[in-house]
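Read through the structure below, which is laid out as structure tokens, and then see the notes.
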Amino acid sequence: MTTRHTADPEDATGPEWAVAARGLRKRYGGVRAVDGVDLLIPRGEVVALLGPNGAGKSTLVEMLTGLVRPDEGDIEIFGADPGAAVRSGSVGVMLQEAGLLDDVTVGEVLRLIASLHRAPLPAVEAMRRAGIESLAGRRSARLSGGQRQRVRFAAALVPDPDLLVLDEPTAAMDVDGRREFWAAMRSLCEAGRTVLFATHYLEEAEAYADRVVLMNAGRVAADGPVAEVARGGLDEAFVRLTSGEATR
Amino acid sequence: MNPAYLVFEIRRALRDPKFLLFELSLPVALFLLESHLFGRDDVGPAYLMGSLAAFGAFRAAFDTGARTAVERGAGWQRQLRLTPLTRGGYLAAKGAVGMLTALPPIAGVAAAAAVLSGVRLPAGGWAAAVLGLWAGAVPFALLGLLVGQLATPQNVQAYQGGLLLVLAFAGGLFIPAASFPAALATVAKALPTYWLAEIAHGAAGGDVRTGTAVLVLGLYSLVLAAAVAVRFRRDAGRP
């Protein structure tokens with residue numbers, strides 16, 4: 001456990017910070033999707049990003065992975081530009097709304113992704129780590145929602161990244177699927193990987209994260225070690241923020 | 001151009017023989033029908049071959065690009081953004097597949113003209129017609145990619161069908177532009193489809209300003225390439 005995330009964001013720069021984001025703002029039309037977010041994640045930390053739909057989690061993740069350029073603020077991933085970090089393979093990303101092709105098999109798509117990266121894991125190894133070896137010959141059209149998530153997780157593992165950014169990785173998974181997914185994640189994290197995952201499941205944050213970042217209305221509402229934030233009423237805060245969507 | 005991605009896309013294309021056959025068979029069937037109905041001295045089979053081979057090339061290159069709307073909707077482009085494959089690498093591979101898809105309909109109509117309709121050209125004439133049409137398919141592959149970036153999987157077929165019909169009819173691919181009323185004939189001469197067919201008509205011995213055709217198709221290619229690049233840069237790959 002570390003408290004380095006409380007350092008002044010201005011001083012945080014260079015490759016020892018997995019994520020160093022300062023003053024991020026992004027607006028879509030009249031909506032301030034992200035409205036002034038600082039986020040520092042040192043190497044090796046597992047961070048859960050919690051918040052209701054529309055809190056700005058996905059927009060934040062899109063900016064951290066170089067898909068969307070912030071209107072204001074700047075981001076370093078291991079001291080590099082986010083897009084460059086993704087292309088170099090130091091970041092593995094699993095996004096919502098990223099998808100697979102129906103007319104190719106799981107093995108083909110992962111081998112393609114491996115062939116695009118510079119120093120990838122073999123596709124077979126990525127499938128083994130994600131626990132989907134048995135799906136290698138299956139076309140994507142014939143996968144369940146949870147299986148698709150696992151394939152996209154394998155795709156995120158292909159570059160053998162130091163940082164994993166996962167946007168709602170267990171959405172569409174049933175209880176068993178979620179348990180298996182986190183078992184796979186836990187063995188990956190023992191290797192000292194940095195992980196940032198967005199989730200709707202409070203218990204996932206409590207069980208697997210070192211630290212919780214609670215977002216609401218485009219801002220960070222609370223940020224700290226799980227125990228600390230929970231003492232301040234994480235349950236209550238989360239329920240209040242997510243009221244009306246507790247069924248997710 | 002990323003060779004691994006190009007090979008992947010070519011394998012996908014070959015896996016869909018129904019699409020390739022459909023792209024080949026319609027222009028060939030239309031050519032045989034039209035040369036049977038209208039094959040006279042002024043609009044002979046050689047002329048119709050040029051028009052309908054141009055139609056086949058246009059349609060195949062265009063459809064291949066437009067179909068990217070479906071994989072964009074499925075989030076595939078977003079998935080690729082998380083790899084080192086550049087946007088240019090993706091577009092170049094898709095454009096190349098569109099160009100490869102355009103060749104069979106051109107060759108098919110030319111073969112039908114030679115074998116079934118008795119069209120005779122010198123070897124240089126055949127080469128100029130087929131290769132000229134093929135090269136001239138570039139702006140249509142780009143137009144397809146642009147439609148693929150702008151349309152959704154739900155509405156892409158409407159865009160696709162509308163553009164296909166308008167550009168083919170008004171460009172004189174089904175009915176010779178020479179028989180159009182004056183206003184429509186002027187419109188035809190602004191369209192890339194008209195000039196694509198003119199390349200083949202020139203190669204088949206017609207009196208054609210080939211230089212103008214090359215210039216017009218080149219300009220369309222530049223403008224469409226710029227539009228595709230701008231559109232793709234602005235897009236986060238979100239379905």
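The values are calculated or read from the model by the stated rules, or taken from the named source; none is laboratory data. For clarity, every value in this text was computed on a predicted model and none was experimentally measured. Don't worry about glycine lacking a Cβ; one is built from the backbone with ideal geometry, like all the others, and counts go over all protein chains shown. Note: areas computed on protein heavy atoms with side chains; ligands, DNA, RNA excluded. Shrake-Rupley method; radii C 1.70, N 1.55, O 1.52, S 1.80 Å.
Considering only the stretch A:118-125, I want to know if a residue exists there that is within 8 Å of another protein chain (Cβ to nearest Cβ) and out of contact with any helix residue (DSSP H, G or I) (no Cβ under 6 Å at 6 or more places or on another chain). The answer is yes; a qualifying residue exists. The condition of being over 18 Å from A:LEU196 (Cα atoms), of a type in the set (Gly, Ala, Ser), modelled with pLDDT of 90 or more and open to solvent by less than 10 Å² (accessible area, probe 1.4 Å) holds for only one of A:GLY36, A:GLY107, A:GLY99, that being A:GLY107.
Where helices (runs of 4 or more DSSP H) sit wholly within the stretch B:48-138, those with at least 2 residues that are in contact (Cβ under 8 Å) with a residue 40 or more places away in the chain and farther than 30 Å from A:ASP167 by Cβ occupy B:87-116, B:123-136.
Of the residues making up the stretch A:144-157, none is more than 14 Å from every other protein chain (Cβ to nearest Cβ), part of a loop (DSSP other than H, G, I, E, B) and in contact with a strand residue (DSSP E or B) (Cβ under 7 Å, 6 or more places away or on another chain).
If you filter the stretch A:58-84 down to residues that are more than 24 Å from A:ASP160 (Cα to Cα) and among the charged types (D, E, K, R), you find that the one that is nearest to the other protein chains (Cβ to nearest Cβ) is A:ARG69. Under the condition of being within 12 Å of chain B (Cβ to nearest Cβ), part of a helix (DSSP H, G or I) and either in contact with a strand residue (DSSP E or B) (Cβ under 8 Å, 6 or more places away or on another chain) or under 23 Å from B:ARG67 (Cα atoms) (or both), the residues counted in the stretch A:85-110 number 6.
Scan the stretch A:126-143 for residues that are away from chain B (no Cβ under 14 Å) and touching a residue at least 24 places away in the same chain (Cβ under 8 Å) and report the count. Here the count works out to 9.
Of everything in the stretch A:49-78, what is of a type in the set (Gly, Ala, Ser), open to solvent by 40 Å² or more (accessible area, probe 1.4 Å) and either in contact with a Phe, Trp or Tyr (Cβ under 7 Å, 6 or more places away or on another chain) or at pLDDT below 90 (or both)? Give them in sequence order. Within the stretch A:49-78, A:GLY54 is the sole residue that qualifies. Being at pLDDT below 95 and among the aromatic types (Phe, Trp, Tyr) is the requirement here; does B:PHE140 meet it? Criteria not met by B:PHE140.
When A:ALA184, A:ALA172 are checked against the criterion of being surrounded by fewer than 23 Cβ atoms within 10 Å (Cβ to Cβ), at pLDDT below 85 and assigned to a loop (DSSP other than H, G, I, E, B), A:ALA172 stands alone in meeting it.
So that you can scan it fast, the table gives a plain yes or no per residue for (1) hydrophobic (A, V, I, L, M, F, W, C); (2) in contact with a Pro (Cβ under 7 Å, 6 or more places away or on another chain); (3) within 14 Å of another protein chain (Cβ to nearest Cβ):
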site: B:SER25; (1), (2), (3): no, no, no
site: B:GLY50; (1), (2), (3): no, no, no
site: B:PHE58; (1), (2), (3): yes, no, no
site: B:ALA69; (1), (2), (3): yes, yes, yes
site: B:ARG72; (1), (2), (3): no, yes, yes
site: B:ARG87; (1), (2), (3): no, no, yes
site: B:LEU91; (1), (2), (3): yes, no, no
site: B:ALA96; (1), (2), (3): yes, no, no
site: B:LEU103; (1), (2), (3): yes, no, no
